[in-house]
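Asks: Structure below; questions to follow.
The values are calculated or read from the model by the stated rules, or taken from the named source; none is laboratory data. None of these values were measured; they are calculated from a predicted model. We place every Cβ from the backbone using ideal geometry, glycine too, and count neighbours over all the protein chains shown. Surface accessibility is based on the protein's heavy atoms, side chains included, excluding ligands, DNA and RNA. Shrake-Rupley method; radii C 1.70, N 1.55, O 1.52, S 1.80 Å.
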Amino acid sequence: MRIVLVGPPGAGKGTQAHLLAKTLSIPHISTGDLFRANIGQGTPLGLEAKSYMDAGRLVPDEVTIGMAKDRMLQPDAAKGFLLDGFPRNLGQAKALDEFLVEQGIKLDGVLDLEVPEDEVVKRIAGRRLCRNDGGHVFHVDYNPPKTEGVCDECGGELYQRSDDTEEKVRTRLEVYHTETEPIIDYYRQQGLIETIPALGKVDEVTQRAIEALKQSS
């Protein structure tokens, strides 16, 4: 099964992608992992991406597309994959379609995780991280620490990431609406979109997505 997962920041894409890929026994291919792997391994695409990032510039679509193509051609992706964070704009979506046609395969579905904008802001702006290396994450409303500003696990200081402020979150949402939302209409015209309400418990959202895929196949 070949799936694209889309949704605004804070919709839970990473969590759902991991669970769905595990359930469906297909690799989870995320843009972040692609960049880290290529840069870490020093591949030509990784070195090119790093040169742009070091200069504070956006990595061109063709570099991201190249990384995604290379990953989808790996043996473990022969029977399917779940794309998370790619494509992120119309140009990438069209390039993906061209690649799939070349390979003689097609997408089985595009899952659109739907979350109200105010909930996205609340989810992200309320997030607090521990400054220590344990990676502990809290939320002022959904998972508050016992003592405000202090990690329950190690006593470390909790902080809000600079790009998690309400102002920054709303800016990220504007970018999502402008760049990524158009691919939803693009895939809807192909009859591939399955809209998944992403409010509620994590396992409930996963089950909705699996049921939607069953009905569309």
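Asks: Looking at segment 26-75 only, could you name the residues that are without any contact (Cβ under 8 Å) to a residue 40 or more places away in the chain and among the hydroxyl-bearing types (S, T, Y)?
Replies: If the condition is that a residue be without any contact (Cβ under 8 Å) to a residue 40 or more places away in the chain and among the hydroxyl-bearing types (S, T, Y), then T43, S51, Y52, T64 are the ones that fit.
Asks: Condition first: closer than 22 Å to A95 by Cα and open to solvent by 20 Å² or more (accessible area, probe 1.4 Å). Now tell me which residues in segment 51-65 satisfy that.
Replies: Pass one, segment 51-65, residues closer than 22 Å to A95 by Cα: 52, 57-65.
Listed by number, the residues that qualify are Y52, R57, L58, V59, P60, D61, E62, I65.
Asks: I've got another one for you. Among the residues in segment 186-200, are any part of a helix (DSSP H, G or I), of a type in the set (A, V, I, L, M, F, W, C), open to solvent by 70 Å² or more (accessible area, probe 1.4 Å) and at pLDDT below 95?
Replies: no
Asks: Here is a further query. It is to be established whether one or more residues within segment 159-173 are at negative phi, more than 18 Å from the chain's Cα centre (by Cα) and of a type in the set (A, V, I, L, M).
Replies: no
Asks: While we're here: Quick one: count up the residues across segment 86-120 that are among the aliphatic types (A, V, I, L, M), assigned to a helix (DSSP H, G or I) and at pLDDT 95 or above.
Replies: Step one: list which residues in segment 86-120 are among the aliphatic types (A, V, I, L, M), which gives 90, 93, 95-96, 100-101, 105, 107, 110-111, 113, 115, 120.
Still in the list and also assigned to a helix (DSSP H, G or I): 90, 93, 95-96, 100-101, 120.
Okay, now just the ones that are also at pLDDT 95 or above, so 90, 93, 95-96, 100-101.
Qualifying residue count for the region: 6.
Asks: Can you say whether V101 is exposed (fewer than 13 other Cβ atoms within 10 Å of the Cβ) and either within 29 Å of T195 (Cα to Cα) or of a type in the set (D, E, K, R) (or both), as far as the supplied structure shows?
Replies: yes
Asks: If you don't mind, another one. Can you find a residue that is polar (S, T, N, Q), modelled with pLDDT of 95 or more and not in a loop (DSSP other than H, G, I, E, B) anywhere in segment 72-85?
Replies: Quick first cut of segment 72-85, residues polar (S, T, N, Q) only: 74.
Keeping just the survivors that are modelled with pLDDT of 95 or more gives 74.
Then keep just the ones that are not in a loop (DSSP other than H, G, I, E, B); that gives none.
Taking every residue of segment 72-85 in turn, none turns out to be polar (S, T, N, Q), modelled with pLDDT of 95 or more and not in a loop (DSSP other than H, G, I, E, B).
Asks: If the requirement is being open to solvent by less than 50 Å² (accessible area, probe 1.4 Å) and in contact (Cβ under 8 Å) with a residue 60 or more places away in the chain, which of these qualifies: T165, T180?
Replies: Of the residues listed, the single one that is open to solvent by less than 50 Å² (accessible area, probe 1.4 Å) and in contact (Cβ under 8 Å) with a residue 60 or more places away in the chain is T180.
Asks: Also, I was wondering about something else. Which condition number does S216 fail, the rest of (1) within 21 Å of the chain's Cα centre (by Cα); (2) in contact (Cβ under 8 Å) with a residue 40 or more places away in the chain; (3) open to solvent by 40 Å² or more (accessible area, probe 1.4 Å) being met?
Replies: (1)
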